[in-house]
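Worksheet: the structure to be examined is printed underneath.
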Amino acid sequence: MTLLKKNAWTWVKEYTLITVGVLLYVMGWIIFLVPNNMIGGGVTGLGSIVQYATGGVIKIGYTYFVVNAGLLVAALFTLGRSFGAKSIYAILLTSVALNVGQGLIPQEIINLLALDNGKLMCTIMGGIMVGVGIGMSISQGGSTGGTDIIALIVNKYRNVSPGRMILILDAVIILSSLFVPSYVAEGVLMPWPDKITTVVYGFILITIVSTVLDLYLSGSRQSVQIFILSQKYAQIADAITTDLHRGVTVLNGKGWYTKHDTEVVMVITRKTDLNVFLKYITAIDPNAFVSVSSVTGVYGKGFDKFKTGNKK
């Protein structure tokens, strides 16, 4: 019963964070980027080009949904597996929010937060919100789809790294906006010099998004190593294994001052889970001696996976 409650709470927490991440991502676009006719990378950037070219008739959400649906089907047959319910949920929510959200935010708020502050500030603020939003979704196992799916498909057949492929695709999408007509909110065709400026802002935007995303993920994925010395080591190890679902290693040790044999419990976990672990340990043995240190490069089940390039 305890395990069922914990799993239900974990499920709610993950989907809640994915929802918050998607909403941050969408607000970054509809408040700061779309009102300035900005172009970004990925499927959302492609959708923005279509929206500007059609004068707002075909909104970003429609293009976003259609392209991602096709990519998910292609990934299912090409990569041999789907991206899971969380990714489908994130893509559907993003598609709806990108369309509906553009009519919900009052123009006064958009003017105050975005248009009155200039395009450079909007690029920075929008990039931060988009990067954090993507990071929150990815850290909980979700995916906003898009160019990362194309990169994985290409990487299966060609020795091209996904990161390089995503960068190339984003650059192509941004540069393609130069050859597509773009209408501003007043229905006037955007002048050619403004289109060139928009492309420059687009490259600044994807740089900010990628930087913020890397910073967010490196913080959320940081791991810690815990050493526990306690006479109740067996109870602590059982509690960590049963309730917290983390692997435990019990090492044989010897206290040199007392010359007594002792057991040392070693655990590696995410830094975000550290407080829960400490509460469990102190609840079982308030006198336990605990050492915590940060670690990098943790690979294996429950952590990061080894990534090797395909060489032919």
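Remarks
- Note on residue 112 and residue 73: their simple-model spin labels are 4.5 nm apart, each label 7 Å out from Cα toward Cβ.
- Radius of gyration over Kirkwood radius for segment 54-134, both on Cα atoms: the Rg/Rh ratio is 1.07.
- With R₀ set to 51 Å, the beta-carbon distance separating residue 184 from residue 293 gives a calculated FRET efficiency near 0.40.
- For segment 192-291, accessible area per residue (1.4 Å probe, heavy atoms of protein chains only), Å²: 60
- Between residue 273 and residue 8, the modelled label-to-label distance comes to 2.2 nm, taking each label 7 Å out from Cα in the direction of the beta carbon.
- Counting 0.36 nm for each residue step from residue 254 to residue 175 and taking away their Cα separation leaves a gain of 21.9 nm.
- Listed residue pairs exceeding 22 Å between alpha carbons, taken from 13/59; 232/279; 86/279; 232/254; 13/271; 119/195: 13/59; 86/279
- Rolling a 1.4 Å probe over the protein heavy atoms gives segment 22-95 an accessible area of 37 Å² per residue.
- Segment 109-133 versus segment 251-290: alpha-carbon centroid distance in Å: 47
- The slack in the chain from residue 235 to residue 263, taken as 0.36 nm per residue of separation less the alpha-carbon distance, amounts to 8.9 nm.
- Protein accessible area in segment 1-134, 1.4 Å probe - carbon and sulfur %: 74
The values are calculated or read from the model by the stated rules, or taken from the named source; none is laboratory data. These numbers come from a predicted model, not from an experiment. Cβ coordinates were reconstructed from backbone atoms using ideal geometry, including for glycine residues, and neighbour counts include every protein chain displayed. For accessibility, only protein heavy atoms count, side chains too; no ligands or nucleic acids. Shrake-Rupley method; radii C 1.70, N 1.55, O 1.52, S 1.80 Å.
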